[in-house]
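Everything on this sheet refers to the single structure shown next.
No value in this document is a laboratory result; all are computed from the given coordinates. Here the structure is a predicted model, which means the values were calculated and not measured. For neighbour counting, all protein chains shown are included, and Cβ atoms are generated from backbone atoms with ideal geometry for every residue, glycine included.
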Amino acid sequence: MKRLSTVLSAALFVLLASSFALAQSAPAEAPASAGAQGGLEPTSLLKPLGDNGWPTYCGDYTCKRYSSLDLVNQSNVNNLSLAWVSEGLESGSGPTGTGAPAGGRRGGFGGGGGTPTIVGGFGTGELNSGGPARFAGSVLEVNGTLYLSAPDNAWAVDAHDGTVLWHFYWKTRGGTHTGNRGMAMWHNNLYFEVADDNLICLDAATGKEKWSVPSASFAGQYFSDSAPLVFGDHLIVGAGNDENAPGFLQSVDPATGKRQWILYSTPMKQGDPGLNTWPSLYAAQHGAGSTWVAGAYDPETHLYVYGTGNPTPAYTTGRGPGTMDNLFTDSLIAVNVDTGKMAWYYQTSPHDMHDWDSTETPIFVDGNFNGQPRKMVLQALRNGYFFVLDRTTGKHLVTSKFGKVVNFANGVNANGNPIPNMEKAATIPGSIVNGDVTNYPPPSYSPISKLFYVEENNSLRILYLTDADPRGSMGLGGTSGGANFSFGSNIDAIDYNTGKVVWRHPVERNAGLLSTAGNLLFGGDGDYLVALNPETGKTLWHSKIGAEGNAPETYMLDGKQYVLAVAGNQLFAFVLNQPSSVGAPAVASNR
Amino acid sequence: MLRLTKWTFGVALTVGLGLAVQLGAQAPGRAGRGRGAAGAAPARPARRGNYEQNMRPLAAPEVIAHGKELYDANCASCHAADMLGSDKGGNLVASQNLLNDQNGELIEPIVAGSQASFGMPAQTLSKDDVDTIAAYMHSVAAQVGSQGRPPGPQETPGLKVIVGDAVAGKADFDTNCSSCHSAEAGGQRSVAGIGAKYEDGRSLQNAWVSGTTGFSFGGRGGGGGTGNPVTVTMANGDTLSGKLVTENEFVVVLTTPDDVRHSFDRDANLTVKVTDPDAAHKDLVLKLSQEPNGDTVMHNVTAYLATLK
């Protein structure tokens, strides 16, 4: 059985990892082997999302964001009430992380008296902006503790009551500080990336830094913010870059941070596959394809499937005619995590002229397709198209347009790839073209409804070319937009068999979705956290908590099912306000 | 603090040198580059990013000036005067070798021929000259903007935005716009004089396409609906009209002309009617976006409106 081999290789990896950790004379004060024992066993990550917490970016390897928890369900969701709100999630600034936050909102880091702040980093703290933390990633829940990150900062929080347990603060050297997407855990080690291109390993119990290694070249203008992922003895790390630099994905040893392999998103030398889709080797080597959103993993085939970002220059000429696809930007890539070799690819936006940045989270679904059982991968993209592929072979199954006003392409070709309409690229007199339909906010899939859920933003604007240099511009330069019209945002439910949108639920905006065995779909509608009926899209429950930063999550603790959402710089945890039915002992407090 | 002092010094240097490079060298001759008349590009900030290349201390001005002379004489024929490359040589500003270089150490081997197989022939330049050229190149790379935008002005001067056929545009205007807008002075929602109101074609086009925002008829911004006229009808038939503050599935909030704020829980007995003054513009944009010649129609109308001085 393939399953068995997975378990075997996982067992083998524990042995290897221990010996590796022993072999190197670790600089940490703790015994070198401590990181490879106890804590979160990598084998536990093979479990589907449910009563095992929220141990990875997506909760489990399939990225369905579907939890088997059903204590909260359609019959009682109207009793869902606030259990606690966190306080004190302030980003650090200054040399000690306790300097006055930017804007002078409040003095110092208010972690609630005695919360330790652990300081790392190679900067001085002057470039850290401080202030209320900006959350735009996943929260881990492991054994009653939540772990979450913001740019340059990470926290452990008590999952029972929201108390901040420790705060890690990284003095940055600079760089692009977009949202941090979250952390990974391996035994007692926590990992997260910081914008100035370091991968940091923390002791989960104390927040103390065990080590840091460069995750990319800071001088090369990379920025790192993706959520690392653990697959057995591999820690997968991505990076971003808006300047004309090659995107890449790498695997490192979770014990040491030592690189195991690197896979570039574009051809880097003569003879590399895909080179004939670029006007020159030079253009390919500077063609981008960032890797900043976590993908899904199939433990049977050891294939990790992830999306790559836009090519550069993003909006202008410089990448050959529209018939040159610019591989492997804007592609779904399957890489074998043991070898770093690409198993297959499928390009979701050939010759992208709109920064479609096709990194959105793919979802693995095992189900029937045209009456035959299939192992599939589903992905809805910023360019407004939805795709279904066979995830073992990369064979194309379905392409559909879920964005209502999408017009950048002249339909799709026989292989389902959108055909770019070069007249809808940025032009000097302006072209009317659709804007981003979705982005990093995580989608969800429910095996009960057999529907795929994703945010849908509809907009049109005039896209102008402002840099007419025949060599093209650089990075995201050379364009400007005007007359932007919104045609509304929705949460969509998509049938993967047809690619058709089954229902649309209008929202102001959405930051990601969660479905549960309680037959509920949680997500955001502007400042509201809402629970919808996954079959119909009808609202069943709502609470105004502020604009959410990422998808809601759920976990089980002491007999209670928590629904967790982050809004602003606060965590909001909801539980049923009636005693649950699982025979929990008498509840001592009513939190 | 030491770091602060260094940093401040670095900024001062960058500003000074940036200007020197720009003025002295006429913004290294990027063909067709320069600030446009459209007033789109903001003044160049002193520091365009906080990456290493933006913040590292630069060489003395005379070193950079000498480096530029050497670059122009030895490198510009292939890599272009502005370092952004040509058919014969790559863009050096985006070169990972340059970005990761400190004082020429990564450039020296390339000049000596280490990348000859990639088409970069060996050059006869002394180590000192290469390092001096590197110092100049770093001063240019320091001007790379946010999200990798190239150094220098962000807009090509003299871009011709108005390319449409004004005669065809009048016909398109009559077809698509005349039910609401007159071209006669004093007419209904008149567009007379609109061609004189905007200094460039892009602003004119953005204004007429977007509707009220561009015409300044009303104060609403964006597409969110805030500020739009709204009427709420309550269960007993009473109505309240004003400007919309918020509308979603759960509440509706408006302000009445007396500046009083009214909030309502949404339920089946409450009817809410929001008027979008730009509805016709949205419909037109949607229609044009789906038509093969939609952009041409837009360009023609812009060309026509530009004649209405």
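Annotations
- Shielding by partners - mean other protein chain Cβ count within 10 Å, residues of A:451-463: 2
- Rounded if a/c under 1.5, otherwise prolate or oblate - region A:450-489, Cα gyration tensor axes: oblate
- Take every pair of alpha-carbon atoms less than 8 Å apart whose residues are at least six positions apart; their mean separation over the length of chain A yields a relative contact order of 13 percent.
- What you get for the protein assembly as shown, charging only the Cβ of Lys and Arg (+1) and of Asp and Glu (-1), is a dipole of about 460 debye around the Cα centre.
- Within the straight-line cut-off of under 19 Å between alpha carbons, the lysines reachable from A:LYS47 are A:LYS2, A:LYS64, A:LYS375, sequence neighbours fewer than 8 places apart in one chain being disregarded.
- Neighbouring Cβ atoms from other chains, within 10 Å of the Cβ of residues in A:216-224, number 5 on average.
- Reach of A:LYS208 by Cα under 23 Å, taken over lysines that are not fewer than 8 positions away in the same chain: A:LYS171, A:LYS258
- Those lysines that a straight Cα-Cα span of less than 30 Å connects to B:LYS170, excepting residues fewer than 8 apart in one chain: A:LYS424, B:LYS160, B:LYS197, B:LYS282, B:LYS287, B:LYS309
- Residue-averaged 222 nm ellipticity for the protein assembly as shown, from DSSP H runs of 4+ at -39500 (n - 2.57), nearest 500: -5000 deg cm²/dmol
- Directionally averaged shadow of the protein assembly as shown, computed from the convex hull of its alpha-carbon atoms, nm²: 40.7
- A:ASN79 paired with B:SER179, simple spin-label distance in nm, labels 7 Å along Cα-to-beta-carbon: 5.5
- Translational diffusion of region B:229-274, µm² s⁻¹ [Kirkwood Rh, Cα pairs; Stokes-Einstein; 10 °C; 1.306 mPa s]: 154
- Spin-label pair B:ASP258-A:ARG509: with each label point 7 Å from Cα along the Cα-Cβ axis, the two points sit 3.5 nm from one another.
- Peptides A:346-356, A:116-126, A:139-149, A:234-244 ordered by average Cβ neighbours within 10 Å, highest first: A:234-244, A:346-356, A:139-149, A:116-126
- Three-way shape call for region A:291-418 based on the alpha-carbon gyration tensor, with the a/c threshold at 1.5: oblate
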